[in-house]
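Notes for the one structure printed next.
The values are calculated or read from the model by the stated rules, or taken from the named source; none is laboratory data. These figures come from a predicted structure and were not determined experimentally. Neighbour counts run over all protein chains shown; Cβ positions are idealised from the backbone, glycine included.
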Amino acid sequence: MLNGDIIKFINWFSYKIINNLDKPLIYMITFGILELILGSSNDPVTKSSRRLLKVHSDGGMEGRYKPTAVGSHVSGILIWFNYKYFFLTARHCLQKFRDDIGDEIQLNNFYNHSPYWINKSDSFSDSLLDFLYVRKIWFIGEIFKLRVFETAEGIDLEDLCLLEIYYPMQPVKNYVNLNNLNNVVKSKSEVNNSLMGFSGYPAEKNPYFWEDNDVVPITGTATHSTLFTRWYDYGINIGNSNCIQLLRPRRFDYSGMCGGTVFTINESEIKWAGMYISGSDDKARYIPSYLILDVILNYRESRSLTIDQDAEICGGANYVSNKEYRKAVQRMEKMFKSWI
């Protein structure tokens, strides 16, 4: 939902409560909670979802930041820890993950030397600085082959991947801060019958435009344009499962939302609860944060694939000691905080 839609939703749901027109509520939602739903849309955790574009360009090193075409609808979660930004998403959103008999398909055949661009925020200045750029992919889901974990019903945990982002050298807002785990759901009990929300970038709300239009004008030498519209929905967690009962049936296909952020809402705080995977007209499924938190924090134990080959050849983070890198990032983060 957009902010206006959230207000309409609150009015609709208030009417349902007052007139008792629906099935009994699992969770007694007060008008204070409804106000919290409205306020939650501006919380850094709820706005941590981002959209990834698959970028095609010609010309090797010279063309890596001059896209010939962009496409796809991929959602993910912007995460910050260990002095780095990461983009958590589902691997099948990047490329088909498994063949018809269930065997893994290797990730390859990228469209460009810098094939994945992620919006830094929801506002744009028509600049390369509007985007975040991927350095590596860490296949953290493969760890689930090697360890015994509690399973999440109906979800392929091996599908999980973490994209390491080059430090953007500019202020970034609205992300999941894993340096502070107080804002993260760490057990089943925290989601039991809880009020939940999730956000992402569904294809229907983020169309591409191939002709002149007034919504997202096509400028310069560009051949097409696209919207960046974050969408929200809400529901009640079904017991302590990884499934949310939506407060009202969805009104359109949520294709493109996979990878979006999931969160709990209560009177005192909003917590990151996991990653949206799929759903039906009245339900949403997600990978719980308490299942994958350790794997994310220990991402270096997993296999990685360098995406931006040219940048690796030219140097970069591998050529700077961890101590020097941390000090440099600390200085920049301190400066950026004074700007925001």
Could you count how many residues in region 28-51 are at pLDDT 80 or above and of a type in the set (A, V, I, L, M)? 3
For a quick check of your reading of the model, give me the residue pairs whose first member lies in region 293-314 and is at pLDDT 90 or above, whose second is assigned to a strand (DSSP E or B), with beta-carbon atoms closer than 6 Å and at least 6 apart or on different chains. Tyr299/Trp138; Tyr299/Leu162; Ser302/Trp138; Ser304/Lys136; Ser304/Trp138
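Please work out which residue is surrounded by the fewest Cβ atoms within 10 Å (Cβ to Cβ), limiting yourself to region 268-277 and to residues that are touching a residue at least 24 places away in the same chain (Cβ under 8 Å) and out of contact with any Ser or Thr (no Cβ under 9 Å at 6 or more places or on another chain). Give the steps one after another, and end with the answer.
In the first step, residues of region 268-277 are kept if they are touching a residue at least 24 places away in the same chain (Cβ under 8 Å); the result is 269-277.
The next check asks that each one be out of contact with any Ser or Thr (no Cβ under 9 Å at 6 or more places or on another chain); those that pass are 269, 277.
On the way: Glu269: 13, Ile277: 22.
Filtering first and then ranking leaves Glu269.
Kindly evaluate Glu269 against the criterion of being at pLDDT 90 or above, touching a helix residue (DSSP H, G or I) at 6+ places or on another chain (Cβ under 8 Å) and acidic (Asp, Glu).
On the way: at pLDDT 90 or above: no; touching a helix residue (DSSP H, G or I) at 6+ places or on another chain (Cβ under 8 Å): yes; acidic (Asp, Glu): yes.
For Glu269, the condition - at pLDDT 90 or above, touching a helix residue (DSSP H, G or I) at 6+ places or on another chain (Cβ under 8 Å) and acidic (Asp, Glu) - is not met.
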Only one residue in Lys23, Lys54, Lys96 is surrounded by 13 or more Cβ atoms within 10 Å (Cβ to Cβ) and either modelled with pLDDT under 75 or of a type in the set (Lys, Arg) (or both). Which one? Lys54
Qualifying residues in region 57-70 (those that are modelled with pLDDT of 65 or more and either assigned to a strand (DSSP E or B) or surrounded by fewer than 15 Cβ atoms within 10 Å (Cβ to Cβ) (or both)) - the one farthest from the chain's Cα centre (by Cα): Lys66
Could you count how many residues in region 272-285 are at pLDDT 95 or above and hydroxyl-bearing (Ser, Thr, Tyr)? 1
Total residues in region 71-92, condition touching a Gly at 6+ places or on another chain (Cβ under 8 Å) and modelled with pLDDT under 70: 0
Failed item in (1) closer than 25 Å to Ala284 by Cα; (2) at pLDDT 90 or above; (3) outside any loop (DSSP other than H, G, I, E, B), with Asn193 passing the rest: (3)
